[in-house]
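Notes for the one structure printed next.
The values are calculated or read from the model by the stated rules, or taken from the named source; none is laboratory data. The structure presented is a predicted model; accordingly, all values stated were derived computationally and were not measured. Reconstructed Cβ throughout: ideal geometry from the backbone, glycine too, with neighbour counts over all protein chains shown. All accessible areas refer to the heavy atoms of the entire protein, side chains included, with ligands and DNA or RNA removed. Shrake-Rupley method; radii C 1.70, N 1.55, O 1.52, S 1.80 Å.
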Number of protein chains: 2
Amino acid sequence: MSNLMYQGSAQAFTHHLKNLSAILRVAAANAKARGIDPAVLLGARLAPDMHSLTRQVQMMSDNAKGSCARLAGVQPPVFEDTETTFAELEARIKRTLDFIRGLKPAQFAGSESRAIVMKMPIGTLSFNGADYLNGWALPNVYFHYTTVYSILRHNGVPLGKMNFLGQVPGMQMTGKIAKMMGAKPGAKAKKKR
Amino acid sequence: MSNLMYQGSAQAFTHHLKNLSAILRVAAANAKARGIDPAVLLGARLAPDMHSLTRQVQMMSDNAKGSCARLAGVQPPVFEDTETTFAELEARIKRTLDFIRGLKPAQFAGSESRAIVMKMPIGTLSFNGADYLNGWALPNVYFHYTTVYSILRHNGVPLGKMNFLGQVPGMQMTGKIAKMMGAKPGAKAKKKR
(Lines give C-alpha, C1' and ligand atoms only; values in the text may rest on other atoms or scores of the structure.)
Protein backbone atom coordinates (compact mmCIF):
# COMPACT_ATOMS: atom_id res chain seq x y z
CA MET A 1 0.00 0.00 0.00
CA SER A 2 1.29 3.44 -0.82
CA ASN A 3 2.10 5.88 1.94
CA LEU A 4 2.09 9.15 0.05
CA MET A 5 2.77 11.34 3.07
CA TYR A 6 5.91 9.37 3.91
CA GLN A 7 7.06 9.28 0.29
CA GLY A 8 6.38 12.99 -0.17
CA SER A 9 8.33 14.03 2.91
CA ALA A 10 10.82 11.58 4.46
CA GLN A 11 11.72 9.76 1.23
CA ALA A 12 11.94 12.90 -0.89
CA PHE A 13 13.95 14.84 1.69
CA THR A 14 16.32 11.92 2.27
CA HIS A 15 16.99 11.84 -1.46
CA HIS A 16 17.66 15.57 -1.69
CA LEU A 17 19.75 15.73 1.48
CA LYS A 18 22.02 13.12 -0.11
CA ASN A 19 22.11 15.24 -3.29
CA LEU A 20 22.93 18.28 -1.15
CA SER A 21 25.88 16.44 0.40
CA ALA A 22 27.17 15.48 -3.03
CA ILE A 23 26.79 19.08 -4.26
CA LEU A 24 28.72 20.42 -1.25
CA ARG A 25 31.51 17.91 -1.91
CA VAL A 26 31.77 19.21 -5.49
CA ALA A 27 31.92 22.76 -4.11
CA ALA A 28 34.62 21.94 -1.55
CA ALA A 29 36.74 20.16 -4.16
CA ASN A 30 36.25 23.01 -6.62
CA ALA A 31 37.29 25.62 -4.05
CA LYS A 32 40.45 23.60 -3.42
CA ALA A 33 41.16 23.19 -7.15
CA ARG A 34 40.72 26.93 -7.77
CA GLY A 35 42.68 27.96 -4.68
CA ILE A 36 39.61 29.67 -3.15
CA ASP A 37 39.24 29.92 0.65
CA PRO A 38 36.19 27.67 1.37
CA ALA A 39 34.88 30.41 3.66
CA VAL A 40 34.31 32.56 0.57
CA LEU A 41 31.81 30.07 -0.84
CA LEU A 42 30.31 29.32 2.59
CA GLY A 43 29.60 33.01 3.11
CA ALA A 44 28.36 33.70 -0.44
CA ARG A 45 24.88 35.16 -0.98
CA LEU A 46 22.74 36.00 -4.00
CA ALA A 47 21.76 39.36 -2.48
CA PRO A 48 23.09 41.23 0.55
CA ASP A 49 19.83 40.60 2.43
CA MET A 50 19.57 36.92 1.57
CA HIS A 51 21.15 34.23 3.71
CA SER A 52 24.63 32.79 3.14
CA LEU A 53 25.33 29.33 1.74
CA THR A 54 25.97 27.99 5.26
CA ARG A 55 22.67 29.31 6.55
CA GLN A 56 20.75 27.98 3.53
CA VAL A 57 22.12 24.49 4.27
CA GLN A 58 21.15 24.79 7.95
CA MET A 59 17.66 25.94 6.98
CA MET A 60 17.18 23.07 4.54
CA SER A 61 18.22 20.72 7.36
CA ASP A 62 15.82 22.40 9.80
CA ASN A 63 12.88 22.31 7.40
CA ALA A 64 13.51 18.68 6.44
CA LYS A 65 13.86 17.30 9.98
CA GLY A 66 11.20 19.62 11.39
CA SER A 67 8.56 18.70 8.86
CA CYS A 68 9.23 14.96 9.03
CA ALA A 69 9.08 15.09 12.83
CA ARG A 70 5.80 17.01 12.87
CA LEU A 71 4.16 14.74 10.30
CA ALA A 72 5.35 11.68 12.23
CA GLY A 73 3.97 13.18 15.46
CA VAL A 74 7.27 13.52 17.32
CA GLN A 75 9.24 16.50 18.61
CA PRO A 76 11.73 17.91 16.06
CA PRO A 77 15.32 17.68 17.36
CA VAL A 78 17.12 20.99 17.82
CA PHE A 79 20.53 21.35 16.16
CA GLU A 80 22.75 24.29 17.12
CA ASP A 81 23.75 26.37 14.09
CA THR A 82 27.50 26.27 14.69
CA GLU A 83 28.85 24.93 11.37
CA THR A 84 31.70 26.90 9.81
CA THR A 85 33.24 24.41 7.34
CA PHE A 86 32.10 22.13 4.52
CA ALA A 87 32.99 19.13 6.69
CA GLU A 88 30.79 20.39 9.53
CA LEU A 89 27.89 21.00 7.12
CA GLU A 90 28.26 17.44 5.84
CA ALA A 91 28.11 16.19 9.43
CA ARG A 92 24.95 18.28 9.97
CA ILE A 93 23.35 16.73 6.91
CA LYS A 94 24.32 13.26 8.13
CA ARG A 95 22.70 13.92 11.53
CA THR A 96 19.59 15.15 9.72
CA LEU A 97 19.49 12.01 7.59
CA ASP A 98 20.01 9.80 10.65
CA PHE A 99 17.05 11.43 12.37
CA ILE A 100 14.73 11.09 9.37
CA ARG A 101 15.79 7.48 8.76
CA GLY A 102 14.89 6.69 12.36
CA LEU A 103 11.24 7.54 11.69
CA LYS A 104 8.99 4.67 10.63
CA PRO A 105 6.73 4.91 7.54
CA ALA A 106 3.82 3.83 9.75
CA GLN A 107 4.24 7.02 11.80
CA PHE A 108 3.25 9.03 8.70
CA ALA A 109 0.13 6.99 7.88
CA GLY A 110 -2.91 9.24 8.07
CA SER A 111 -0.77 12.32 8.71
CA GLU A 112 -2.58 14.18 5.90
CA SER A 113 -5.35 14.95 8.38
CA ARG A 114 -3.14 15.30 11.49
CA ALA A 115 -3.21 18.77 13.10
CA ILE A 116 0.19 20.41 12.72
CA VAL A 117 0.85 23.33 15.05
CA MET A 118 4.02 25.40 14.90
CA LYS A 119 4.37 27.57 17.99
CA MET A 120 6.87 30.40 17.74
CA PRO A 121 7.58 33.43 19.94
CA ILE A 122 5.85 35.59 17.31
CA GLY A 123 2.72 33.50 16.95
CA THR A 124 1.28 30.18 15.87
CA LEU A 125 0.81 28.54 12.49
CA SER A 126 -1.55 25.59 12.14
CA PHE A 127 -2.53 23.35 9.24
CA ASN A 128 -3.63 19.83 8.52
CA GLY A 129 -0.75 17.58 7.48
CA ALA A 130 -1.46 17.69 3.73
CA ASP A 131 -1.64 21.50 3.63
CA TYR A 132 1.48 21.69 5.80
CA LEU A 133 3.43 19.38 3.48
CA ASN A 134 2.30 21.07 0.24
CA GLY A 135 2.18 24.69 1.32
CA TRP A 136 4.98 24.90 3.86
CA ALA A 137 7.41 21.95 4.08
CA LEU A 138 7.98 21.33 0.38
CA PRO A 139 8.26 25.00 -0.72
CA ASN A 140 10.66 25.73 2.15
CA VAL A 141 12.90 22.69 1.65
CA TYR A 142 13.12 23.29 -2.11
CA PHE A 143 13.65 27.02 -1.64
CA HIS A 144 16.76 26.48 0.45
CA TYR A 145 17.99 23.55 -1.65
CA THR A 146 17.67 25.49 -4.92
CA THR A 147 19.31 28.54 -3.36
CA VAL A 148 22.33 26.47 -2.29
CA TYR A 149 22.62 25.23 -5.88
CA SER A 150 22.19 28.73 -7.33
CA ILE A 151 24.74 30.34 -4.99
CA LEU A 152 27.31 27.76 -6.10
CA ARG A 153 26.45 28.05 -9.81
CA HIS A 154 26.67 31.84 -9.51
CA ASN A 155 30.18 31.36 -8.11
CA GLY A 156 31.30 29.15 -10.96
CA VAL A 157 31.12 25.75 -9.28
CA PRO A 158 30.69 23.10 -12.04
CA LEU A 159 27.23 21.72 -11.30
CA GLY A 160 24.29 20.85 -13.53
CA LYS A 161 20.61 20.06 -13.16
CA MET A 162 21.49 16.37 -12.89
CA ASN A 163 23.34 17.11 -9.63
CA PHE A 164 20.21 18.85 -8.39
CA LEU A 165 17.80 16.03 -9.33
CA GLY A 166 20.17 13.20 -8.42
CA GLN A 167 19.42 9.60 -9.34
CA VAL A 168 15.64 9.95 -9.27
CA PRO A 169 14.15 7.14 -7.11
CA GLY A 170 12.05 4.72 -9.16
CA MET A 171 12.90 6.28 -12.54
CA GLN A 172 13.66 3.96 -15.47
CA MET A 173 15.61 5.34 -18.44
CA THR A 174 16.33 4.27 -22.01
CA GLY A 175 18.36 5.96 -24.77
CA LYS A 176 20.91 8.74 -24.62
CA ILE A 177 19.18 10.44 -21.71
CA ALA A 178 20.07 7.47 -19.48
CA LYS A 179 23.73 8.39 -19.88
CA MET A 180 23.05 12.09 -19.28
CA MET A 181 20.99 11.43 -16.15
CA GLY A 182 23.60 9.06 -14.81
CA ALA A 183 26.21 11.83 -14.90
CA LYS A 184 28.20 11.89 -11.68
CA PRO A 185 28.42 15.06 -9.58
CA GLY A 186 30.92 17.44 -11.12
CA ALA A 187 30.65 15.89 -14.57
CA LYS A 188 30.36 18.41 -17.37
CA ALA A 189 26.75 19.42 -17.86
CA LYS A 190 25.40 19.00 -21.38
CA LYS A 191 22.97 21.90 -21.53
CA LYS A 192 21.70 24.92 -19.72
CA ARG A 193 19.60 24.45 -16.65
CA MET B 1 -11.78 11.93 1.13
CA SER B 2 -8.33 13.30 0.52
CA ASN B 3 -6.85 13.22 -2.96
CA LEU B 4 -3.18 13.67 -2.17
CA MET B 5 -1.97 13.38 -5.76
CA TYR B 6 -4.30 16.20 -6.86
CA GLN B 7 -3.42 18.34 -3.84
CA GLY B 8 0.30 17.74 -4.31
CA SER B 9 0.30 18.69 -7.99
CA ALA B 10 -2.63 20.67 -9.41
CA GLN B 11 -3.51 22.51 -6.18
CA ALA B 12 0.09 23.25 -5.22
CA PHE B 13 1.08 24.38 -8.72
CA THR B 14 -2.01 26.57 -9.07
CA HIS B 15 -1.06 28.29 -5.82
CA HIS B 16 2.52 28.88 -6.89
CA LEU B 17 1.65 29.97 -10.44
CA LYS B 18 -0.52 32.67 -8.87
CA ASN B 19 2.40 33.62 -6.60
CA LEU B 20 4.65 33.70 -9.69
CA SER B 21 2.27 36.13 -11.41
CA ALA B 22 2.27 38.38 -8.35
CA ILE B 23 6.07 38.28 -8.18
CA LEU B 24 6.39 39.21 -11.85
CA ARG B 25 4.01 42.12 -11.33
CA VAL B 26 6.26 43.39 -8.52
CA ALA B 27 9.25 43.03 -10.85
CA ALA B 28 7.58 44.89 -13.72
CA ALA B 29 6.49 47.73 -11.43
CA ASN B 30 9.94 47.91 -9.87
CA ALA B 31 11.64 48.10 -13.28
CA LYS B 32 9.34 50.99 -14.17
CA ALA B 33 9.98 52.74 -10.85
CA ARG B 34 13.73 52.41 -11.24
CA GLY B 35 13.73 53.33 -14.93
CA ILE B 36 15.11 49.92 -15.94
CA ASP B 37 14.30 48.44 -19.36
CA PRO B 38 12.12 45.39 -18.49
CA ALA B 39 14.18 43.39 -21.01
CA VAL B 40 17.14 43.68 -18.66
CA LEU B 41 15.31 41.77 -15.92
CA LEU B 42 13.71 39.36 -18.40
CA GLY B 43 17.13 38.43 -19.75
CA ALA B 44 18.87 38.27 -16.37
CA ARG B 45 20.63 35.05 -15.30
CA LEU B 46 22.43 33.85 -12.17
CA ALA B 47 25.26 32.40 -14.26
CA PRO B 48 26.10 32.74 -17.96
CA ASP B 49 25.16 29.09 -18.57
CA MET B 50 21.92 29.18 -16.63
CA HIS B 51 18.62 30.14 -18.25
CA SER B 52 17.21 33.68 -18.30
CA LEU B 53 14.26 34.84 -16.22
CA THR B 54 11.93 34.48 -19.22
CA ARG B 55 13.02 30.89 -19.85
CA GLN B 56 12.73 29.99 -16.15
CA VAL B 57 9.09 31.18 -16.20
CA GLN B 58 8.39 29.18 -19.37
CA MET B 59 9.97 26.08 -17.82
CA MET B 60 7.95 26.42 -14.63
CA SER B 61 4.83 26.65 -16.80
CA ASP B 62 5.90 23.60 -18.84
CA ASN B 63 6.67 21.50 -15.79
CA ALA B 64 3.43 22.48 -14.04
CA LYS B 65 1.08 21.83 -16.96
CA GLY B 66 3.04 18.79 -18.17
CA SER B 67 3.05 17.04 -14.84
CA CYS B 68 -0.61 17.72 -14.10
CA ALA B 69 -1.56 16.48 -17.56
CA ARG B 70 0.46 13.26 -17.22
CA LEU B 71 -0.88 12.52 -13.74
CA ALA B 72 -4.44 13.16 -14.97
CA GLY B 73 -3.83 10.88 -17.95
CA VAL B 74 -4.23 13.48 -20.69
CA GLN B 75 -1.87 14.92 -23.30
CA PRO B 76 0.04 18.01 -22.10
CA PRO B 77 -0.75 21.07 -24.24
CA VAL B 78 2.18 22.56 -26.14
CA PHE B 79 2.79 26.29 -25.71
CA GLU B 80 5.20 28.05 -28.06
CA ASP B 81 7.98 29.84 -26.18
CA THR B 82 7.50 33.24 -27.77
CA GLU B 83 7.08 35.54 -24.74
CA THR B 84 9.24 38.67 -24.70
CA THR B 85 7.47 40.93 -22.16
CA PHE B 86 6.16 40.71 -18.60
CA ALA B 87 2.61 41.02 -19.96
CA GLU B 88 3.14 38.06 -22.28
CA LEU B 89 4.58 35.96 -19.44
CA GLU B 90 1.52 36.80 -17.34
CA ALA B 91 -0.68 35.64 -20.21
CA ARG B 92 1.36 32.41 -20.41
CA ILE B 93 0.84 31.81 -16.70
CA LYS B 94 -2.87 32.46 -17.09
CA ARG B 95 -3.13 29.91 -19.92
CA THR B 96 -1.24 27.43 -17.74
CA LEU B 97 -3.64 28.04 -14.85
CA ASP B 98 -6.66 27.71 -17.16
CA PHE B 99 -5.42 24.33 -18.35
CA ILE B 100 -4.74 22.99 -14.85
CA ARG B 101 -8.08 24.28 -13.55
CA GLY B 102 -9.81 22.40 -16.34
CA LEU B 103 -8.58 19.08 -14.95
CA LYS B 104 -10.90 17.31 -12.50
CA PRO B 105 -9.64 16.04 -9.12
CA ALA B 106 -11.15 12.64 -9.97
CA GLN B 107 -8.71 12.34 -12.90
CA PHE B 108 -5.84 12.26 -10.37
CA ALA B 109 -7.36 9.57 -8.14
CA GLY B 110 -5.09 6.53 -8.11
CA SER B 111 -2.45 8.32 -10.18
CA GLU B 112 0.23 7.37 -7.64
CA SER B 113 0.43 3.98 -9.35
CA ARG B 114 -0.25 5.19 -12.92
CA ALA B 115 2.62 4.55 -15.37
CA ILE B 116 4.09 7.87 -16.48
CA VAL B 117 6.19 7.73 -19.65
CA MET B 118 8.03 10.76 -21.00
CA LYS B 119 9.20 10.12 -24.56
CA MET B 120 11.84 12.51 -25.86
CA PRO B 121 14.04 12.49 -28.95
CA ILE B 122 16.97 11.52 -26.70
CA GLY B 123 15.25 8.68 -24.86
CA THR B 124 12.47 7.71 -22.50
CA LEU B 125 11.90 8.29 -18.79
CA SER B 126 9.33 6.22 -16.96
CA PHE B 127 8.08 6.18 -13.38
CA ASN B 128 4.96 5.43 -11.39
CA GLY B 129 2.94 8.55 -10.59
CA ALA B 130 4.16 8.96 -7.02
CA ASP B 131 7.84 8.71 -7.97
CA TYR B 132 7.21 11.07 -10.89
CA LEU B 133 5.55 13.67 -8.66
CA ASN B 134 8.15 13.49 -5.87
CA GLY B 135 11.31 12.96 -7.87
CA TRP B 136 10.63 14.89 -11.05
CA ALA B 137 7.60 17.23 -11.10
CA LEU B 138 8.03 18.87 -7.70
CA PRO B 139 11.83 19.36 -7.85
CA ASN B 140 11.56 20.81 -11.36
CA VAL B 141 8.67 23.17 -10.66
CA TYR B 142 10.30 24.46 -7.46
CA PHE B 143 13.71 24.72 -9.12
CA HIS B 144 12.41 27.11 -11.77
CA TYR B 145 10.15 28.98 -9.35
CA THR B 146 12.94 29.56 -6.83
CA THR B 147 15.31 30.59 -9.61
CA VAL B 148 12.86 33.23 -10.85
CA TYR B 149 12.68 34.59 -7.30
CA SER B 150 16.47 34.49 -6.87
CA ILE B 151 17.19 36.23 -10.19
CA LEU B 152 14.87 39.06 -9.18
CA ARG B 153 16.27 39.30 -5.62
CA HIS B 154 19.79 39.34 -7.06
CA ASN B 155 18.73 42.29 -9.20
CA GLY B 156 17.36 44.26 -6.28
CA VAL B 157 13.63 43.69 -6.76
CA PRO B 158 11.93 44.16 -3.36
CA LEU B 159 10.60 40.67 -2.64
CA GLY B 160 10.56 38.53 0.50
CA LYS B 161 9.95 34.93 1.43
CA MET B 162 6.28 35.80 2.00
CA ASN B 163 5.93 36.59 -1.71
CA PHE B 164 7.43 33.18 -2.47
CA LEU B 165 5.16 31.24 -0.10
CA GLY B 166 2.04 33.29 -0.77
CA GLN B 167 -1.10 32.95 1.32
CA VAL B 168 -0.56 29.30 2.24
CA PRO B 169 -3.78 27.33 1.52
CA GLY B 170 -5.37 25.97 4.70
CA MET B 171 -2.96 27.73 7.07
CA GLN B 172 -4.38 29.37 10.21
CA MET B 173 -2.33 32.05 11.95
CA THR B 174 -2.37 33.83 15.31
CA GLY B 175 -0.10 36.51 16.77
CA LYS B 176 2.38 38.82 15.11
CA ILE B 177 3.27 36.29 12.44
CA ALA B 178 -0.25 36.58 11.01
CA LYS B 179 0.52 40.17 10.09
CA MET B 180 3.92 39.24 8.65
CA MET B 181 2.52 36.39 6.56
CA GLY B 182 -0.27 38.59 5.29
CA ALA B 183 2.27 41.02 3.84
CA LYS B 184 1.28 42.02 0.33
CA PRO B 185 3.69 41.52 -2.57
CA GLY B 186 6.25 44.28 -2.57
CA ALA B 187 5.79 45.03 1.11
CA LYS B 188 9.01 45.50 3.03
CA ALA B 189 10.31 42.15 4.22
CA LYS B 190 10.99 41.89 7.94
CA LYS B 191 13.94 39.52 7.90
CA LYS B 192 16.39 37.72 5.69
CA ARG B 193 15.20 34.84 3.64
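Measuring label to label, 7 Å along Cα→Cβ, what does A:P77 give against each other copy in nm, shortest first?
Computed spacing set for this position: 4.8 nm.
Expressed in nm to one decimal, what extension gain is obtained for the pair A:T85 and A:A106 from 0.36 nm per residue of sequence separation less their Cα-Cα distance? Write down the numbers at each step before the final one.
Working: separation 21, 0.36 × 21 = 7.56 nm, distance 3.60 nm.
Value of the extension gain: 4.0 nm.
For chain A, which whole percent of the accessible surface, found with a 1.4 angstrom probe, sits on carbon and sulfur atoms?
Numbers: 4610 of 8050 Å².
About 57 percent, which is the carbon plus sulfur part of the accessible surface.
Partner chain Cβ atoms within 10 Å, averaged over the residues of A:121-130 - can you pull that number for me? All intermediate terms of the calculation are to be shown ahead of the outcome.
Details: counts 3, 7, 9, 6, 9, 5, 6, 4, 2, 8.
Mean partner-chain Cβ count within 10 Å for A:121-130: 6.
Starting from the Cα gyration tensor of region A:52-102, take the square roots of the eigenvalues, sort them a ≥ b ≥ c, and report rounded, prolate or oblate (rounded when a/c is under 1.5, otherwise prolate if a/b is larger than b/c, else oblate). Walk me through the numbers before you get to the answer.
Values: a/c = 2.51, a/b = 1.87, b/c = 1.34.
Since a/c reaches 1.5 and a/b is larger than b/c, the shape of region A:52-102 is classed as prolate.
Can you list the distances in nanometres, one decimal and ascending, from the B:A22 label point to the identical position in each other copy, with the point 7 Å along Cα to Cβ?
3.5
Suppose you put the label 7 Å out from Cα in the Cβ direction; list, shortest first and in nm with one decimal, how far B:A39 is from each other copy's label.
Nearest first, the other copies' label points are 4.4 nm away.
If you average the alpha carbon positions of region A:1-63 and of region B:27-72, how far apart do those two centres end up, in angstrom?
Here the two parts' Cα centres lie 23 Å apart.
What FRET efficiency comes out for the pair B:T174/A:A33, r = Cβ-Cβ distance, R0 = 35 Å, nearest 0.05?
Details: r = 51 Å, r/R0 = 1.45.
The pair B:T174/A:A33 has a calculated efficiency of 0.10.
Based on the alpha-carbon gyration tensor of region A:51-193, what equivalent-ellipsoid semi-axes (square roots of 5 times the eigenvalues) come out, in whole Å, largest first? Walk me through the numbers on the way to the answer.
Working: eigenvalues 178, 81, 40 Å².
That gives 30, 20, 14 Å for the three semi-axes.
Helix B:12-34: angle to the longest alpha-carbon principal axis of chain B, degrees 0 to 90, nearest 10?
Between helix and principal axis, roughly 20 degrees.
Projected area of the protein assembly as shown, taken from the Cα convex hull and averaged over every viewing direction, in nm²?
Taking a quarter of the hull surface, the average projection is 18.0 nm².
Per residue, how large is the accessible surface of region B:1-123? Use a 1.4 angstrom probe and give square angstrom.
Accessible surface, normalised per residue, equals 45 Å².
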